[in-house]
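Since the structure comes first, as structure tokens, the remarks are kept for the end.
The values are calculated or read from the model by the stated rules, or taken from the named source; none is laboratory data. Note that the coordinates shown come from a computational prediction; the quantities given were computed from them, not determined experimentally. Reconstructed Cβ throughout: ideal geometry from the backbone, glycine too, with neighbour counts over all protein chains shown. These accessible areas exclude ligands, DNA and RNA; they are computed on the full protein's heavy atoms, side chains included. Shrake-Rupley method; radii C 1.70, N 1.55, O 1.52, S 1.80 Å.
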Amino acid sequence: QVQLVESGGGLVQAGGSLALSCAVSGSITSITRMAWYRQPPGKPRDLVASITSGGSTNYADSVKGRFTISRDTAKTTVYLRMSSLKPEDTAVYYCHAKERERLYEYNIWGQGTQVTVSS
């Protein structure tokens, strides 16, 4: 079973940078896609960025050019590096994994970490 542990959230000023980390343990080879989602207060949870097991990436239009998703060579840590932060980026950020077991696919979530961008 895949497990996710997030870290790196906090308070940052507008225009600043912040990096989030997601430590991955368990059956690493069963993961087909890793992603970061975020949920602002009173709004639905939306996809921010994703990376497949093959290394293909995808970004929401609102963060394209400012955020970068990456992983280490062992695939044990996934990062979200954020720059030029805006108050609109304030949200709870969640790490997510798609885990495949034969014909079944499971959604694994981290606990979430708060990112607050001040004006």
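What Rg and what Dmax come out for the chain when only alpha-carbon atoms are used, in angstroms?
For the chain, the Cα radius of gyration and maximum Cα-Cα distance read 13.9, 48 Å.
With the contact rule set at Cα under 8 Å and sequence spacing of 6 or more, what percent relative contact order holds for the chain?
Value for the chain: 35 percent.
Cut-off under 17 Å on the C-alpha distance; same-chain residues fewer than 8 positions from LYS64 excluded. Which lysines are left, in chain and number order?
LYS86
In whole percent, how big is the carbon plus sulfur part of the accessible area of the chain, probe 1.4 Å, protein atoms only?
49
Magnitude of the Cβ-charge dipole of the chain, K/R +1 and D/E -1, about the Cα centre, nearest 20 debye?
Its charge dipole is roughly 140 debye.
For VAL48, what residues show an amide H to amide H distance below 5 Å, using hydrogens built from the backbone and excluding near sequence neighbours?
Amide H neighbours of VAL48: TRP36, TYR37, ARG38.
How many angstrom lie between the Cα centre of region 1-62 and the Cα centre of region 70-119?
Here the two parts' Cα centres lie 1 Å apart.
Determine ³J(HN,Hα), in whole Hz, for all residues of region 88-101 in sequence, where each value follows from phi through the Karplus function 6.51 cos²θ - 1.76 cosθ + 1.60 and θ = phi - 60°; x replaces Gly and Pro.
5, 7, 4, 5, 8, 9, 10, 8, 9, 10, 9, 10, 9, 10
Could you state the accessible area per residue of the chain in Å², with a 1.4 Å probe and every protein chain left in place?
Accessible surface, normalised per residue, equals 55 Å².
Give me a comma-separated list of calculated 3J(HN,Hα) values for region 63-75, in order, Karplus coefficients 6.51, -1.76, 1.60 applied at θ = phi - 60°, integers in Hz, x for any Gly or Pro.
Once rounded to whole Hz, the list reads 10, 4, x, 10, 10, 9, 9, 8, 9, 7, 5, 7, 6.
Taking springs between alpha-carbon atoms closer than 10 angstrom, which of SER56, SER17, SER25 fluctuates most in the Gaussian network model of the chain?
Among SER56, SER17, SER25, the largest GNM mean-square fluctuation belongs to SER56.
Write down the percent of antiparallel bridges among all DSSP beta bridges whose residues are both part of the chain, to the nearest 5.
Expressed as a percentage, antiparallel bridges in the chain total about 90.
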